[in-house]
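In what follows, a single structure is set out as structure tokens and then discussed.
The values are calculated or read from the model by the stated rules, or taken from the named source; none is laboratory data. Source: prediction; values computed, not measured. All Cβ positions, even for glycine, are placed from backbone atoms using ideal geometry, and neighbour counts span all protein chains on display. Protein only, heavy atoms only, side chains kept; ligands, DNA and RNA dropped before computing areas. Shrake-Rupley method; radii C 1.70, N 1.55, O 1.52, S 1.80 Å.
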Amino acid sequence: MHNFIATGAVLAAAVSGVAADLCATGSQQINGNWYCQAVKAITYTGVGGSGSYKKVTNMDSSSGACSASPFGYSGSTSPLDEEVSLHFRGPVQLKQFAVYTPSSSGSSSKLKEKRSAHARRHGHQHFHEHQQEVREIQEAHEEEKRAVGDIVVATINGKVVSWVNAYAGPATSTAAAATTAATTKVTSTVTAAGTTITSTVKAVSAAAISSASSAASSAAKSSTAAAAAASGAWSQIAYYNSADGTAHGLTFLNHFGGSGSGVFDYKFGNSLSYASADGKSGASSPQVLKDMTLSSNTEIVIQSDKECKSGSCGYTRPDGFDGAHKAFFFEFSMPLDGNRGTNGDMPAIWMLNNQIPNTIQYGPAECSCWTSGCGEFDIFEVLDSGNTRCKSTLHGNIAGGDSDYFVRPTSGTIKAALVLYDDNIHIQILDSNTSFGSSMSASAIANICSATSTQNKDTSVFALS
């Protein structure tokens with residue numbers, strides 16, 4: 001997770017340019033970060049698009065060197081339509097967590113590849129065994145539609161190659177395409193608190209100088225998305241309840257590879273491991289997180305309970321939550337604990353492209369797809385110790401952060417939702433009586449997707465394009 005430090009120029013542009021946020025009514029700077037107004041909902045529009053990032057294809061455990069190949073993506077919420085993981089850093093108490101996807105679509109309409117992960121030794125040997133070659137996965141897939149200009153990556157004669165697509169295809173086609181894909185897991189470059197992310201600042205500035213007509217267009221797109229989202233109920237695919245001690249469809253992980261599960265070596269450090277019930281160490285098998293408050297700088301990762309598809313992961317590494325349309329519901333609190341150490345009293349909830357944590361989340365830049373834009377979204381992030389404001393920020397090739405904020409729930413819990421749908425990301429604070437049932441009604445999803453600042457003074461719309 002990365003801290004976003006704005007500049008005065010960026011704020012000035014934001015106040016004058018984007019009519020949909022609430023900065024015109026007042027703002028303040030706290031420890032280098034700008035804050036405008038407390039809100040109950042934030043919508044990011046224009047989050048998806050076409051582009052590419054560097055997918056790691058080899059990690060050499062003897063030298064610590066990594067190599068990568070360009071990987072193209074395209075879609076309404078790309079690249080966050082790929083598998084994602086959810087991350088929680090203390091002090092935070094997670095009471096409930098649920099994941100929903102549209103009932104009508106089932107899994108993502110985006111082509112799902114079979115991942116070929118780096119082979120990793122299990123148990124007490126405590127090191128990675130990263131293969132020198134990428135395994136060939138040759139399996140007939142549904143037809144994959146690529147636009148002109150997309151980067152195509154394939155394995156041909158044992159070598160990973162890439163090229164820019166120049167073929168637009170026939171007007172209609174009924175033939176299924178056979179796709180050969182090579183994929184691996186990667187490392188994150190999450191940095192210490194206070195790091196300035198230049199690409200984010202530039203993106204915010206670009207978004208900030210958008211015209212009022214652009215903001216109006218964004219609101220219209222949000223309304224269209226709401227209508228589409230209302231077409232059917234969404235099914236629950238994962239759920240956790242701390243009070244009951246129950247969980248299904250998900251796995252709790254942390255960064256203690258080599259302790260019970262996962263691996264450790266001196267080049268790449270700790271991999272993910274199953275988390276102990278108190279979140280403070282690794283475990284040899286999946287555990288349900290206790291009904292407790294995670295302490296400062298303690299991190300828990302939630303992925304699905306599905307094992308790595310390739311079957312060659314060495315130890316069980318779950319997949320993330322896939323699909324262009326997905327919703328995450330939370331009940332949580334972020335109590336003050338007075339800690340002033342590393343990441344002390346700086347709770348956060350964020351989402352990462354699942355490639356980032358599945359090998360090592362914290363590591364060298366060249367071993368990560370984060371720096372080339374595979375995607376992160378900070379949902380509720382406290383940027384300095386003891387602050388009672390939570391910011392949100394999108395990181396990637398399309399990037400930016402809204403200066404409106406959510407009030408940190410320091411006493412008692414709140415319920416909130418994150419919905420990815422139709423080129424938008426929506427965050428909304430929910431009524432306390434909201435139930436996280438086996439399905440979420442179409443009207444509930446539509447209400448989250450339809451929020452605009454013209455309808456509610458407690459809502460902010462941040463236009464990224």
Whole-Hz Karplus couplings 3J(HN,Hα) for region 431-440, θ = phi - 60° and coefficients 6.51, -1.76, 1.60, Gly and Pro as x, run 4, 5, 8, 4, 9, 9, x, 5, 8, 10
With 0.36 nm assigned to each residue of separation and the Cα-Cα distance removed, S281 to S439 gains 53.5 nm
Honestly region 361-427 on the Cα gyration tensor test (a ≥ b ≥ c root eigenvalues; a/c under 1.5 rounded, otherwise a/b vs b/c for prolate or oblate) is just oblate
Two pseudo-spin positions, 7 Å from Cα along C-beta at S103 and at Q28, lie apart in nanometres by 4.7
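Would you work out if region 323-465 is rounded, prolate or oblate? Take a ≥ b ≥ c from the square roots of the eigenvalues of the alpha-carbon gyration tensor; rounded if a/c is under 1.5, else prolate when a/b is larger than b/c, oblate otherwise.
On the way: a/c = 1.59, a/b = 1.16, b/c = 1.37.
Oblate, because a/c is 1.5 or more while a/b does not exceed b/c.
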Nearest-0.05 FRET efficiency for T388 and S295 at R0 = 22 Å, using Cβ-Cβ distance, is 0.75
Rounded to the nearest 0.05, FRET efficiency between E366 and K457 (Cβ-Cβ, R0 45 Å) equals 0.45
Probe 1.4 Å, heavy atoms of protein chains only: per residue, the accessible area of region 332-465 in Å² is 30
Share of accessible surface on carbon and sulfur in region 285-439, whole %, 1.4 Å probe and ligands ignored, is 45
Summing +1 per Lys or Arg and -1 per Asp or Glu among the other residues with Cβ less than 9 Å from D21's Cβ gives -2
Calc'd 3J(HN,Hα), region 398-403, phi into Karplus 6.51 cos²θ - 1.76 cosθ + 1.60 (θ = phi - 60°), Hz, glycine/Pro = x, comes to 10, 8, x, x, 6, 7
Expressed in square angstrom to the nearest 10, the accessible area of H325 with a 1.4 Å probe stands at 60
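Taking 0.36 nm per intervening residue step and subtracting the Cα-Cα distance, what contour gain separates S62 from A243 on full extension?
Working: separation 181, 0.36 × 181 = 65.16 nm, distance 4.53 nm.
Working it through step by step, the gained length comes to 60.6 nm.
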Scalar couplings 3J(HN,Hα) for region 44-49 by Karplus 6.51 cos²θ - 1.76 cosθ + 1.60 (θ = phi - 60°), nearest whole Hz, x for Gly and Pro, are 9, 10, x, 7, x, x
Reported to the nearest 10 Å², Y240 has, with a 1.4 Å probe, an accessible area equal to 0
